[in-house]
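In what follows, a structure is listed as structure tokens, so that the remarks can point back to it.
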Amino acid sequence: MEAVLDLIGGKWKLLIVYHLMHGEQLRFSELRRLVGNVSEKMLSQQLKEMTCDGLVRRIDFRTVPPHVEYALTSFGKNLAKTFQPLCAWGSENMEEIAAISSARAIRKA
């Protein structure tokens, strides 16, 4: 488990894999929009780490203006398959998860 957490331990990495797991290649701006409240710097850092770790591949079309897309490698796709049960669990427990999130927000306020 420690080895896996070392690969996907960043705050945004699971969401990046989730959005790439449908076999699509996505541009940086598309990923940023899908992931949500992530800064450009943080998304770039997380993608670089995931590229170095072999989870994501960066596809540079070498055009002007620059056109770069990201996709999961076969290693990343293999990891993404393990998310199916986690996604199902989240869907099944959405009400309880929402209640926990609301309680956290109240405690922070």
0 to 90° range, to nearest 10: angle between helix 40-52 axis and the chain longest Cα axis:
70 degrees
Count the lysine pairs in the chain whose Cα atoms sit under 21 Å apart, keeping only pairs 8 or more residues apart in sequence or on different chains.
10
The value for the chain (convex hull of the alpha-carbon atoms, volume per residue, Å³) is 129 Å³
With charges set only on the Cβ (+1 for Lys and Arg, -1 for Asp and Glu), what does the dipole of region 1-79 come to about its Cα centre, in debye to the nearest 20?
200 debye
Residue 106: accessible area at probe 1.4 Å, nearest 10 Å²?
130 Å²
Sorted by accessible surface (1.4 Å probe, heavy atoms of the protein chains only), largest first, 107, 57 come out as 107, 57
Of the options 22, 85, 46, report the single residue whose Cα projects farthest towards the positive end of the charge dipole of the chain (beta-carbon charges: Lys, Arg +1; Asp, Glu -1).
46
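Using a 1.4 angstrom probe, figure out how much accessible area the chain has per residue, in square angstrom, rounded to the nearest whole.
Per residue, the chain has an accessible area of 71 Å².
The values are calculated or read from the model by the stated rules, or taken from the named source; none is laboratory data. Everything numeric here is computed off the predicted structure, so don't read it as measured data. Here Cβ is always computed from backbone atoms with ideal geometry, including for glycine, and neighbour counts include all displayed protein chains. Heavy atoms of the whole protein, side chains included, go into the accessibility calculation; ligands, DNA and RNA do not. Shrake-Rupley method; radii C 1.70, N 1.55, O 1.52, S 1.80 Å.
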